[in-house]
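Below is one structure; the comments refer to it alone.
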């Protein structure tokens, strides 16, 4: 029991740290301007559009990961962390170490992805 409590506390601290880093990164990405607003030739415009798409894609990926972290922290708070949301079986600590916001065991995740 004490090992489990220590494990959960370590995971919670890691998730909170990662959440803080990602929130900072999202703020930075939102504040970064791709273009200075000056008139550009067609090559510069194409580059600006490509860079804006890349920036938007990065923001969506960061926001998605942040949502997963928030959900994991909520499961920890409710005492449901480490239990598969599909089958109710325990998720291995090894999986949680690698993917700390995993909500499904490996078998259920594989079925979900298919």
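For segment 83-114, taking the residues that are surrounded by 15 or more Cβ atoms within 10 Å (Cβ to Cβ) and assigned to a helix (DSSP H, G or I), the one that is farthest from the chain's Cα centre (by Cα) is identified as 108.
Taking (1) touching a residue at least 12 places away in the same chain (Cβ under 8 Å); (2) in a loop (DSSP other than H, G, I, E, B); (3) over 10 Å from the mean Cα position of the chain (by Cα) in turn, residue 80 satisfies each apart from (1). I'd like to know if segment 58-77 contains one or more residues that are more than 27 Å from residue 108 (Cα to Cα) and either in a helix (DSSP H, G or I) or free of Cβ contacts under 8 Å to residues at least 60 places away in the same chain (or both). Among the residues of segment 58-77, at least one is more than 27 Å from residue 108 (Cα to Cα) and either in a helix (DSSP H, G or I) or free of Cβ contacts under 8 Å to residues at least 60 places away in the same chain (or both), which makes the answer yes.
Only the coordinates and a few stated rules stand behind these numbers; no lab work does. Worth saying up front: this structure is predicted, and the values here are computed from it rather than measured. All Cβ positions, even for glycine, are placed from backbone atoms using ideal geometry, and neighbour counts span all protein chains on display.
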